[in-house]
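> The structure is given below, and queries will be raised subsequently.
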Amino acid sequence: MSTHIKEQIKESVAKIISTKYEIDIKASDILLNLTKKEFEGDYTIVIFPYVKRLKMSPAVLGAELGQAIVDEMDEISAFNVVAGFVNLSIADQQWKQTLGAYASDDQLTTLPANGKKVMVEFSSPNTNKPLHLGHIRNILLGWASSQILKAAGYEVINTQIINDRGIAVCKSMLAWQRYGEGATPESTGIKGDHFVGQYYVRFDKELKAEYATWQTTAEAATVLAEKAKEGQSADEFFKAYKNDYFNEYSILGRDAKEMLRQWEAGEADTVALWKQMNGWVYDGFETTYKALGVTFDKLYYESDTYLLGKEVVEKGLKSGVFFKKDDGSAWVDLEAHKMDEKIVLRSDGTAVYMTQDIGTAMQRYADFGIDKMVYVVGDEQNYHFKVLFTILGMLGEPYADDLHHLSYGMVDLPEGRMKSREGTVVDADDLVQEVIAEAKKANDERGEIDELTAEEQADTLRKIGLSALKYFIIKVNPQKRMTFNPAESVDMQGQTGPYIQNAYVRVQSILRKSADYTESDYSAYETLEPMEKSLMRSLGEFKDTLAAAAENLDPSMIANYAYDLGKDYHKFYHDVRILKAESEAAKCFRLQLSRTVAVVLKDAMAMLGIEMPERM
RNA sequence: GGUUCCGUAGCUCAGCUGGAUAGAGCAGCUCACUUCUAAUGAGCAGGUCUCAGGUUCGAAUCCUGACGGGAUCACCA
């Protein structure tokens, strides 16, 4: 109870207003804000809503209410009224008591278990190329959401669906077969995902050459004459025709499609090659995931799930959720939900993306009995998920009203969009290396960690570099398209990961220096400093922030909170002496406050996948 | 064109279910390290919250419309 000062105030105030003025007010109706720093006080009640109902002037009502609160609540020591705002000051005694409660609270940064099971799907890469900056935003958002949900009381299962099949995968397989000459990641020393990615690029290059040659043939001339639109130049036409060329005339295209057919037929050599190359990619991904500090509890492979959902369509046809068109294809009519018709099974009976996703959702429910599902997928798929969730609802799935698409905007570079064709894609592994190198550069001028072992130093630099990168990406509201400025992403000053780490490190430094200090009673500490109260208020906001971040699936809320708390601590550190405090009681209080801030900072950052160094 | 997301300082972003004089960081200009780590702190400067209406005691926030930008509207995944 004492750890929820805000709730306590709201309840008391609601009771006071209800009895004193005989109107019905619930605690949840009370608007209680942090007092702006220009005014005296800790918390502020907005009384405008009652001014009108009670037909009293704000000044009179405020004065009456403030007095009543101070009289009835020991926790409140003073009040003042400005316009329609009643500013309340928390008694120093109460702050000391609250700090004591925080210190002994082993649930300081978590919410009680809610008995619900949630699955978070993120990353979900294709196995034909390495991970890039776009994946990093996805992975960081997914990981942070999963950690936040866990802290908010859910049982969480992290998953990714690995897109390990299809024409794209066959392209790299074919290129390796043709041009690889038996090379392997081991023989070349190239990380597996990058190795395979090279062959994907190689395929595209060969295809381009083949296409260029074809464009000079008589066949191409005929196609151009037949299909080019009015006023379209040959260049424009061929640019737009590339996909059709691949499907209709390309030798490489024909071979790649043949390879896909063989794979689907389970042809032994093809499947063996597929397994080998995917194995290389998985090794590569594993390294990247490890570097980013993320793990998965369950993997789904598209090669296992791509046939799922077909029986569901059969059943849905019988129950009338889906209907058949003349050509035999199956559809769902979403007009009642203000959307169009959507195909769920092709006329040849094969599944589409939507079918798979329906089947996979059901599979997951069968596997884990989940109550809630979060898909971390880019915002270009907003419509797809809207449709998917609607269909699952129509099918009466028990978890259907707790399906969420954590949609995020694309990551742009300062020069504009990342384009693989123009080689402006930022590789995930390169980026990680780069930020760590930058951390090393910044550290070399400082020398704070010189006395650590080489291994510890490397670990510290890794933590610092990654925090810069991760924080830079995660502090932005997921819905916003974001600009990734490489220079700014390695900044370590201002609103950055290292800035927050530094607040934590300062606490650790002080704690090391006071290791033999055993005093634990600060009851004699009289008057709290403004920054001490400010820190207490910030600490009191954590659970609200956590609840909101979990509710909105928005890790940036935690990121911004951690910055605010770190900023408060830096200022506190600057304003007051801790080890050389004016009294033992003050020193004891400040040490406890510092410890508590450090715990919250560390836990909050851990929710973002950011580790704290002990020194920096 | 339909749907949807975004638009806040030169730049990158906060601003919770409507509340007090719209906040940070970066960049720029000052100042503070014999004092617990200066990856810090203090200050100056920087704003028509895209625009126009509406609701309200009160709007960056809610509603309508316009403007600008993105995404999407595949028997691709």
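The values are calculated or read from the model by the stated rules, or taken from the named source; none is laboratory data. Owing to the predicted nature of the structure, the values given are computational and were not obtained by experimental measurement. Quick reminder, even Gly has a Cβ in these numbers, built from the backbone with ideal geometry, and neighbours come from all protein chains shown. Calculation scope for accessible area: heavy atoms of the full protein, side chains included, ligands and nucleic acids excluded. Shrake-Rupley method; radii C 1.70, N 1.55, O 1.52, S 1.80 Å.
> Inside the range A:117-134, can you point out the residues that are in a loop (DSSP other than H, G, I, E, B) and either surrounded by fewer than 16 Cβ atoms within 10 Å (Cβ to Cβ) or in contact with a Ser or Thr (Cβ under 6 Å, 6 or more places away or on another chain) (or both)?
Answer for the range A:117-134, where residues must be in a loop (DSSP other than H, G, I, E, B) and either surrounded by fewer than 16 Cβ atoms within 10 Å (Cβ to Cβ) or in contact with a Ser or Thr (Cβ under 6 Å, 6 or more places away or on another chain) (or both): A:128, A:131.
> Just one of A:546, A:601 is within 14 Å of RNA strand B (Cβ to nearest atom) and in contact with a Gly (Cβ under 9 Å, 6 or more places away or on another chain); which is it?
Checking each option against the conditions leaves just A:601.
> Could you grab me the full set of residues in the range A:387-414 that are more than 12 Å from RNA strand B (Cβ to nearest atom) and under 27 Å from residue A:128 (Cα atoms)?
The one that is more than 12 Å from RNA strand B (Cβ to nearest atom) and under 27 Å from residue A:128 (Cα atoms): A:406.
Listed here are the residues, each with its yes/no results for (1) of a type in the set (A, V, I, L, M); (2) modelled with pLDDT under 90; (3) assigned to a helix (DSSP H, G or I); (4) surrounded by 19 or more Cβ atoms within 10 Å (Cβ to Cβ).
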site: A:172; (1), (2), (3), (4): no, no, yes, yes
site: A:195; (1), (2), (3), (4): no, no, yes, yes
site: A:213; (1), (2), (3), (4): no, no, yes, no
site: A:221; (1), (2), (3), (4): yes, no, yes, no
site: A:230; (1), (2), (3), (4): no, yes, no, no
site: A:253; (1), (2), (3), (4): no, no, yes, yes
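> Now for a separate question. What residue, among those in the range A:347-375 that are part of a strand (DSSP E or B) and within 14 Å of RNA strand B (Cβ to nearest atom), is surrounded by the most Cβ atoms within 10 Å (Cβ to Cβ)?
A:375
> Looking only at the range A:506-515, filter to residues that are outside any loop (DSSP other than H, G, I, E, B) and in contact with a helix residue (DSSP H, G or I) (Cβ under 9 Å, 6 or more places away or on another chain); which one of those is most open to solvent (accessible area, probe 1.4 Å)?
A:506
> Checking residue A:40 against (1) touching a residue at least 24 places away in the same chain (Cβ under 8 Å); (2) of a type in the set (D, E, K, R); (3) closer than 18 Å to residue A:97 by Cα, which single condition isn't satisfied?
Here residue A:40 clears every test but (3).
> Here's something else I'd like to know. Restricting the range A:569-588 to residues that are within 9 Å of RNA strand B (Cβ to nearest atom) and free of Cβ contacts under 8 Å to residues at least 40 places away in the same chain, which is surrounded by the most Cβ atoms within 10 Å (Cβ to Cβ)?
By that ranking, first place goes to A:581.
> How about the range A:275-296: which of its residues are closer than 20 Å to residue A:183 by Cβ and either open to solvent by less than 30 Å² (accessible area, probe 1.4 Å) or of a type in the set (Ser, Thr, Tyr) (or both)?
A:277, A:278, A:279, A:280, A:281, A:282, A:284, A:285, A:287
> I've got another one for you. Considering only the range A:315-335, how many residues are open to solvent by 90 Å² or more (accessible area, probe 1.4 Å) and under 29 Å from residue A:266 (Cβ atoms)?
2
> Moving on. Can you give me the number of residues within the range A:61-90 that are polar (S, T, N, Q) and within 14 Å of RNA strand B (Cβ to nearest atom)?
Here the count works out to 3.
> Among the numbered criteria (1) among the hydrophobic types (A, V, I, L, M, F, W, C); (2) in a helix (DSSP H, G or I); (3) more than 12 Å from RNA strand B (Cβ to nearest atom), which one does residue A:425 miss?
The one condition residue A:425 does not meet is (2).
> What about residue A:208, is it within 40 Å of the chain's Cα centre (by Cα) and without any contact (Cβ under 8 Å) to a residue 40 or more places away in the chain?
Yes.
> What are the residues in the range A:455-499 that are more than 7 Å from RNA strand B (Cβ to nearest atom) and part of a loop (DSSP other than H, G, I, E, B), if any?
Within the range A:455-499, A:478, A:484, A:490 qualify.
> With respect to residue A:548, determine if the residue is outside any loop (DSSP other than H, G, I, E, B) and at pLDDT below 95.
yes
> For a quick check of your reading of the model, give me the residue pairs whose first member lies in the range A:531-543 and is open to solvent by less than 10 Å² (accessible area, probe 1.4 Å), whose second is aromatic (Phe, Trp, Tyr) and part of a helix (DSSP H, G or I), with beta-carbon atoms closer than 8 Å and at least 6 apart or on different chains.
So the pair list comes out as A:532/A:95; A:532/A:572; A:532/A:589; A:535/A:569; A:535/A:572; A:536/A:95; A:542/A:561.
> Sticking with this structure for a sec: Somewhere in the range A:336-346, is a residue at negative phi, over 33 Å from the mean Cα position of the chain (by Cα), of a type outside the set (A, V, I, L, M, F, W, C) and open to solvent by 70 Å² or more (accessible area, probe 1.4 Å)?
yes
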